[in-house]
Amino acid sequence: NDYIRQWIPKTKAYLDIPLERENPSDRSCIICGTDGVYKCHGCFGEPLSCTSCCRTQHQRLPFHRVSQWTGSFFEESCLVKSGMVIWLGHGGNACPWDDDVGESALFTTGEGDSNDTDAESILNEPNAEPSTKEAHDLPTSVPFIKNNKAMTTIVDKSGVHTHIVKYCTCPEADTADIQLFNMGLFPASFIEPKTAFTFDVLNDFLLDNLECGTSAMNYYSKLRRMTTSVFPHLVPDCYRELMRVARQWRKLKLLKWNGFSHEDKEVRPGDLALFCPACPQPGTHVTLPAGGTTKDIDANNGSGRETPSWLYTRSLVTDGNFKAEHLHATNPADEVSLMDGRGFMVGDALYKEHLAIAKDAMQRSECNNHHAVNLANASRHRLEATGIGGCACARHGCFVPHAMVDFQKGERQMNMDYALCEALKLNAKGIRRVLTFYDVNCQYHKHLQDRIADSPLLKMHDELEITPSIGLWHVHGHQDSCYVRYASNFIQGTARIDSEIMETLWVPLNIISPAARGMGTPHRKECLDYQMNDCNFTKMIRMSKSLCRKYKEAMKGVADSNMAFERLDETADADKVKDWEAQERLAHEQRRHDPTAMDIYEVQLRKAPTRKQQELRLLTAQGRRPGEARRRGAAMWLAEGLAIKEAQVMLQIDVRKLGHRATDTQ
């Protein structure tokens with residue numbers, strides 16, 4: 001606010017400067033000093049230049065927006081009117097095999113001062129479409145020229161441009177689309193491309209989509225307004241081309257980032273997705289002890305100590321999100337998938353096969369009324385997918401590749417079974433223990449092994465030990481017994497995690513879900529894949545700082561906890577401590593097959609005695625029974641006093657109800 005107050009007196013001085021820039025007193029070209037007829041809005045300071053200098057200076061900057069002096073003001077124009085030509089195939093230089101290279105060389109040497117004559121010759125070609133000539137008769141404030149056979153529409157983050165593009169005509173020249181791509185332009189077609197997108201605009205759109213949830217329609221609408229604020233409806237409509245090319249560009253970036261550009265190898269499920277760099281992944285960044293199990297002696301430390309199993313324990317949290325809906329596709333038979341299971345969303349064919357053969361068990365929650373259980377079969381006929389569900393690592397909040405599924409009804413067990421089994425396959429060879437967190441694990445985990453055994457498409461290692469748990473926030477919505485059986489506080493090696501992190505991971509997905517709701521099925525999955533991959537990437541680049549902070553907090557917490565425990569342990573009976581430790585070991589051994597073994601931790605609460613029972617206890621302690629009033633002891637005296645006090649309170653309540661105008665009857 002202080003800065004705003006200081007700026008208010010300067011408003012007039014600030015306002016004068018933009019007005020002066022509209023009609024500068026000195027209109028000399030900054031290069032040669034002649035009359036400056038072009039003002040570039042993309043160059044720093046908006047310098048003025050003559051036609052020749054403008055063309056020469058922007059030969060490598062063809063997507064700057066310019067204005068042209070009319071004699072009384074600057075109107076929006078384009079670089080084509082300065083005679084600019086974009087050459088392909090020779091690093092931006094003219095092709096020596098081109099028939100017009102002699103004439104075009106004039107435009108790149110800075111000689112002469114040709115201005116609008118070249119643009120006019122293009123527009124007045126015999127083969128130009130009538131609509132093109134009519135478009136040139138539109139008001140000159142439209143800073144683009146509609147396409148004819150010699151013009152190409154190029155979409156950049158600065159707006160939509162129309163340029164003369166000359167292709168290399170050498171005998172061994174690449175095809176037109178490859179020539180465009182070599183110069184950083186993504187062609188919208190491949191035979192005779194007339195529309196292209198710069199790499200900059202594609203990167204800008206994808207980043208806007210990630211950070212702001214900007215849809216392709218809104219983004220292209222912005223580009224049209226940047227091109228001309230007065231006639232945006234006259235700008236060529238490349239919205240559909242933008243959606244298609246953005247999908248292709250997204251796939252290319254993922255292939256490049258994940259190392260598939262240097263060698264021709266098969267892209268397997270989940271290969272185009274990042275996972276957590278801190279979770280144990282044998283063969284990737286973790287070497288298991290000799291023998292391959294966590295029970296073996298760690299050969300690396302040479303101390304003969306047994307390796308703690310929690311070092312090689314995978315922690316997974318599972319959850320569903322019903323904001324990521326999807327409408328039925330208009331023409332599903334014509335859709336083409338570019339990913340199909342290569343990212344986070346599972347492959348379509350095997351998943352549908354699993355759903356077709358899986359048994360849809362109708363069950364009611366035996367715990368509290370959980371919607372995830374009771375509404376699992378709720379159907380919404382207008383939607384192809386009612387939401388998504390999947391897995392993430394519980395410690396660091398990274399989505400697990402190829403472990404995100406679509407819901408057809410509610411959050412059914414058959415959906416989550418497939419997601420969990422796919423998550424347990426990812427770089428998990430040698431992992432013997434997994435902690436799974438789910439809001440309704442008290443119901444979901446009961447028959448998990450039976451459901452896996454009944455399905456030929458669900459696989460899990462026989463030696464894998466799964467310890468079910470419930471997040472520390474959701475567990476308090478369960479019955480009291482679920483707390484000691486499933487809360488992470490009572491599971492060894494779990495560390496201090498609330499396991500509710502997936503609730504926060506849905507937030508960025510919910511931003512793009514409305515735009516993805518009406519997309520084609522493959523397009524929607526690709527958008528979700530890219531968003532989840534970016535979420536994992538941001539986690540990865542910030543993880544070192546986060547882990548260092550948590551490590552310092554943990555060291556302090558361990559010291560404080562040890563001090564408090566030692567004080568408590570000193571006051572306890574030694575024999576009782578040994579008995580408690582034995583009970584604890586037995587409970588943890590049995591919990592895998594019987595979660596009720598953890599009930600030893602449950603606090604045994606007894607109902608408080610009534611007043612009459614307490615009065616009788618006091619009388620018994622005094623060694624006497626109720627008798628005459630004068631012989632009654634302190635217990636009876638106290639009871640009578642409480643009764644009198646209660647009567648007084650009730651009388652006060654009645655008096656307040658009567659008010660100041662009580663009737664005779666009252």
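The values are calculated or read from the model by the stated rules, or taken from the named source; none is laboratory data. Every value quoted in this text rests on a predicted model; they were computed, and no experiment measured them. Ideal geometry is used to build each Cβ from the backbone, glycine not excepted, and the neighbour counts take in all protein chains shown.
Summary of computed values
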item	result
Failed item, numbered, when VAL66 is tested on (1) within 41 Å of the chain's Cα centre (by Cα); (2) free of Cβ contacts under 8 Å to residues at least 12 places away in the same chain	(2)
Residue list for the range 174-185, filter: buried (at least 16 other Cβ atoms within 10 Å of the Cβ) and of a type outside the set (D, E, K, R)	ALA176, GLN179, LEU180, PHE181, MET183, LEU185
Of all residues making up the range 228-239, the number that are in a helix (DSSP H, G or I) and free of Cβ contacts under 8 Å to residues at least 24 places away in the same chain	3
Conditions (1) closer than 24 Å to GLN179 by Cβ; (2) assigned to a helix (DSSP H, G or I): number failed by ARG225	(1)
Yes/no for GLU422 being within 25 Å of the chain's Cα centre (by Cα), in a helix (DSSP H, G or I) and among the acidic types (Asp, Glu)	yes
Residue identified as assigned to a loop (DSSP other than H, G, I, E, B) and at pLDDT 80 or above among PRO609, PRO626	PRO609
Within the range 320-341, tally of residues that are over 20 Å from PRO269 (Cα atoms), aliphatic (A, V, I, L, M) and in contact (Cβ under 8 Å) with a residue 40 or more places away in the chain	3
Enumerated helices (runs of 4 or more DSSP H) restricted to the range 1-78, each holding at least 1 residues that are exposed (fewer than 10 other Cβ atoms within 10 Å of the Cβ)	2-7, 11-22
Of the criteria (1) of a type in the set (Gly, Ala, Ser); (2) at pLDDT 90 or above; (3) not in a helix (DSSP H, G or I), which one SER303 fails	(2)
Residue that is nearest to TRP310 (Cα to Cα), among those in the range 436-464 that are touching a Phe, Trp or Tyr at 6+ places or on another chain (Cβ under 9 Å) and of a type in the set (A, V, I, L, M)	LEU458
Qualifying residue in the range 541-562 (condition: basic (Lys, Arg), buried (at least 18 other Cβ atoms within 10 Å of the Cβ) and assigned to a helix (DSSP H, G or I))	no
For TYR438: the one exception among (1) over 24 Å from ILE497 (Cα atoms); (2) at pLDDT 90 or above; (3) in contact with a strand residue (DSSP E or B) (Cβ under 7 Å, 6 or more places away or on another chain)	(1)
Every residue from the range 482-517 that is under 25 Å from THR596 (Cβ atoms), of a type in the set (Phe, Trp, Tyr) and out of contact with any Phe, Trp or Tyr (no Cβ under 7 Å at 6 or more places or on another chain)	TYR483, TYR486
Qualifying residue in the range 251-262 (condition: over 28 Å from the mean Cα position of the chain (by Cα) and closer than 30 Å to GLN59 by Cβ)	no
The range 329-357, residues that are of a type in the set (Gly, Ala, Ser), surrounded by 13 or more Cβ atoms within 10 Å (Cβ to Cβ) and modelled with pLDDT of 90 or more	SER337, GLY341, GLY343, GLY347
Test for LEU568: is it of a type in the set (A, V, I, L, M, F, W, C), at pLDDT 85 or above, surrounded by 10 or more Cβ atoms within 10 Å (Cβ to Cβ) and under 60 Å from the mean Cα position of the chain (by Cα)	no
LYS251 vs. criteria free of Cβ contacts under 8 Å to residues at least 40 places away in the same chain, in a helix (DSSP H, G or I) and within 16 Å of PHE181 (Cα to Cα)	no
Evaluation of LEU242 against (1) in a helix (DSSP H, G or I); (2) farther than 19 Å from ALA176 by Cβ; (3) free of Cβ contacts under 8 Å to residues at least 24 places away in the same chain (one fails), failing number	(3)
Residue, surrounded by the most Cβ atoms within 10 Å (Cβ to Cβ), within the range 466-521, restricted to residues that are in a loop (DSSP other than H, G, I, E, B) and of a type in the set (Gly, Ala, Ser)	SER499
From ARG611, ARG585, ARG606, ARG591, residue being surrounded by 13 or more Cβ atoms within 10 Å (Cβ to Cβ) and basic (Lys, Arg)	ARG591
Residues that are farther than 12 Å from ALA515 by Cβ and buried (at least 17 other Cβ atoms within 10 Å of the Cβ), drawn from the range 211-230	TYR220, LEU223, ARG224, THR227, THR228
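Residues checked against (1) modelled with pLDDT under 95; (2) of a type outside the set (A, V, I, L, M, F, W, C); (3) touching a His at 6+ places or on another chain (Cβ under 6 Å):
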{"position": "ASN510", "(1), (2), (3)": "yes, yes, no"}
{"position": "ALA515", "(1), (2), (3)": "yes, no, no"}
{"position": "GLY518", "(1), (2), (3)": "yes, yes, no"}
{"position": "GLU526", "(1), (2), (3)": "no, yes, no"}
{"position": "GLN531", "(1), (2), (3)": "no, yes, no"}
{"position": "ASP534", "(1), (2), (3)": "no, yes, no"}
{"position": "PHE537", "(1), (2), (3)": "no, no, no"}
{"position": "LYS545", "(1), (2), (3)": "yes, yes, no"}
{"position": "TYR551", "(1), (2), (3)": "yes, yes, no"}
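Residues are listed down the side, and each one gets a yes or a no for (1) part of a helix (DSSP H, G or I); (2) among the charged types (D, E, K, R); (3) free of Cβ contacts under 8 Å to residues at least 40 places away in the same chain:
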residue	(1), (2), (3)
ASP529	yes, yes, no
ASP579	yes, yes, yes
GLN583	yes, no, yes
ALA587	yes, no, yes
ALA597	yes, no, yes
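One line per residue, one yes/no per condition, for (1) at pLDDT below 90; (2) outside any loop (DSSP other than H, G, I, E, B):
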residue	(1), (2)
VAL267	no, no
GLY292	yes, no
ARG314	no, yes
ASP319	no, yes
LYS323	no, no
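Residue-by-condition table, conditions (1) touching a Cys at 6+ places or on another chain (Cβ under 6 Å); (2) buried (at least 17 other Cβ atoms within 10 Å of the Cβ); (3) over 26 Å from TYR530 (Cα atoms):
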position	(1), (2), (3)
ILE164	no, yes, yes
CYS168	yes, yes, yes
GLU172	no, no, yes
PRO187	no, yes, no
ILE191	no, no, yes
THR198	no, yes, no
ASN203	no, no, no
ASN209	no, yes, no
